[in-house]
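Scroll down for the structure; my scribbles are underneath it.
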Amino acid sequence: MLTLSTPTVKLILLAWLAPVISSCSPKQTSPAFPSVEALVDSVRMRHVPDRRDNVYEITVREENGDFLVEGFTSVPEAKTELMETIRKENPEALDRIVLLPDKSLGDELYGIINVSVADLRMKGDYGAEMGTQLLLGMPLKVLQHDKWYRVKTPEGYVAWLEKGVFVQMNKETFNQWTNARKIIFTGDYGFAYETPDEHKQRVSDLVFGNLLKYESENGNFYRVSYPDGRQAYVAKAQSRMYDEWLSSVSLTEKSIIREALLLKGIPYVWGGTSVKGMDCSGFSKTVFLKHGVMLQRDASQQAKTGKPVDISQGYDNLRPGDLLFFGKKAGEGKKERVRHVAIYTGNKEFIHASGFVRINSLDPSKPHYDKNNTEELIRAARIIGAVGTEGIWDIGNHALFQTQE
């Protein structure tokens with residue numbers, strides 16, 4: 001085993017690693033020790049195959065004669081394996097990997113969304129791509145703070161959030177919010193008011209799925225409070241007690257299609273998962289959220305869930321409410337690529353977000369035939385009967401909606 005007990009040996013080791021570490025030199029492989037970049041990536045592939053679910057951002061470099069391994073990861077096992085492997089050849093390699101959640105956060109590792117719809121971005125910058133959205137009252141886990149906050153959503157999606165749109169909490173305050181009685185806004189759009197009067201000053205806008213703490217009742221209004229303590233009134237005609245609503249919803253073919261059709265015409269928004277605008281997987285997420293069911297964020301993730309439906313011989317096995325997935329099949333050394341998702345409505349028709357939420361057909365004889373998607377239909381899955389399986393949550397039983405121990 002190599003050691004760095006003397007300056008001479010240390011210099012020899014660094015000279016040996018220089019072609020690997022330098023960004024302008026070709027990668028090389030030693031029989032005793034593979035290229036560092038390849039090692040870092042192989043550990044990532046084992047522990048974080050999908051970077052949407054966890055953080056693994058690690059680099060290796062030389063600085064002032066020291067061999068530095070630095071970056072961030074949310075998977076302790078990945079950090080352990082990487083450092084143990086590197087130190088087999090370099091016992092004094094410096095571990096500068098920050099394990100998330102970052103200790104600098106203290107005990108404030110939770111958060112609740114404080115606006116009707118919060119945009120989460122793939123980097124901590126207003127100009128960065130929007131990855132997803134969260135609704136008012138939704139819980140999250142905080143991983144990191146660097147001007148913006150890196151967070152993990154209830155469905156496990158990692159993205160960045162600005163401070164002004166959520167309230168950071170410790171376990172005690174988070175549990176107080178979680179255990180409090182709530183109302184859910186059931187209309188598509190609406191407002192909360194400073195007084196129980198729809199003609200007076202508004203407090204904020206509201207969209208379907210928004211959760212607010214129940215305080216009391218005043219005639220035709222609920223008096224509610226926001227995560228930051230603001231008080232408001234919400235019309236009972238557009239809301240219900242959350243527990244009552246959750247126990248009343250039922251996931252059926254008929255109800256899935258009914259709720260999907262109610263969203264017809266809403267514009268496509270990349271990263272959108274709310275009635276203000278949605279992308280294809282945001283549309284399917286919203287439809288099922290209206291049934292108290294939470295799906296994975298992206299189409300390629302949703303395609304790995306549910307009960308597979310055989311479409312190899314045609315469409316006869318499909319039922320209304322099934323998810324249809326479009327893309328490229330695996331072959332010739334290439335992996336399957338899912339790029340789009342829709343909801344089957346029956347009669348060879350499907351509803352999806354494409355420009356706006358619309359209905360198209362798989363039947364070439366129909367005027368609304370969608371040739372491109374029909375030719376790239378690669379799989380289908382059934383959510384009915386699969387709630388509670390991997391990647392499909394009953395939000396009433398979701399761990400992040402429960403008391404944290």
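The values are calculated or read from the model by the stated rules, or taken from the named source; none is laboratory data. Model, not experiment: these values are computed from the prediction. Cβ placement follows ideal geometry from the backbone for every residue including glycine, while neighbour counts extend to all protein chains displayed.
Can you pull out every residue in the range 54-98 that is crowded, with 19+ Cβ neighbours inside 10 Å, of a type outside the set (A, V, I, L, M, F, W, C), in a strand (DSSP E or B) and touching a Ser or Thr at 6+ places or on another chain (Cβ under 9 Å)?
Of everything in the range 54-98, just one residue is crowded, with 19+ Cβ neighbours inside 10 Å, of a type outside the set (A, V, I, L, M, F, W, C), in a strand (DSSP E or B) and touching a Ser or Thr at 6+ places or on another chain (Cβ under 9 Å), namely Tyr56.
For the range 198-231, how many residues meet the condition of being part of a loop (DSSP other than H, G, I, E, B) and in contact (Cβ under 8 Å) with a residue 24 or more places away in the chain?
Result for the range 198-231: 9.
Against the condition within 22 Å of the chain's Cα centre (by Cα), over 26 Å from Phe208 (Cα atoms) and touching a residue at least 60 places away in the same chain (Cβ under 8 Å), how does Leu135 come out, does it pass?
no
Grab the strands (runs of 3 or more DSSP E) fully contained in the range 296-405, keeping just those with 2 or more residues being of a type in the set (Asp, Glu), crowded, with 18+ Cβ neighbours inside 10 Å and at pLDDT 95 or above.
Passing ranges: none, list empty.
Conditions tested, residue by residue: (1) touching a Lys or Arg at 6+ places or on another chain (Cβ under 6 Å); (2) among the charged types (D, E, K, R).
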position	(1), (2)
Asp188	no, yes
Tyr214	yes, no
Arg240	no, yes
Trp245	no, no
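Would you mind listing the strands (runs of 3 or more DSSP E) fully within the range 151-191 where at least 1 residues are farther than 23 Å from Ser239 by Cα?
158-161, 166-169
Does any residue in the range 293-322 that is assigned by TED's automatic domain parsing to the domain that holds Leu377 and in contact (Cβ under 8 Å) with a residue 60 or more places away in the chain come within less than 7 Å, Cβ to Cβ, of a residue that is hydrophobic (A, V, I, L, M, F, W, C) and part of a helix (DSSP H, G or I) six or more places away or on a different chain, and which pairs are these?
From residues that are assigned by TED's automatic domain parsing to the domain that holds Leu377 and in contact (Cβ under 8 Å) with a residue 60 or more places away in the chain, the pairs are Leu295/Phe288; Pro320/Ile256; Pro320/Ile257; Gly321/Ile256; Gly321/Ile257.
Would you check if Glu253 is among the charged types (D, E, K, R), in contact (Cβ under 8 Å) with a residue 24 or more places away in the chain and touching a helix residue (DSSP H, G or I) at 6+ places or on another chain (Cβ under 8 Å)?
Taking the combined requirement at face value, the residue does not satisfy it.
Considering only residues of the range 246-274 that are under 24 Å from the mean Cα position of the chain (by Cα) and more than 26 Å from Asn347 (Cβ to Cβ), which is surrounded by the fewest Cβ atoms within 10 Å (Cβ to Cβ)?
Trp270
On the given criteria, is Gln133 at negative phi and buried (at least 16 other Cβ atoms within 10 Å of the Cβ)?
yes
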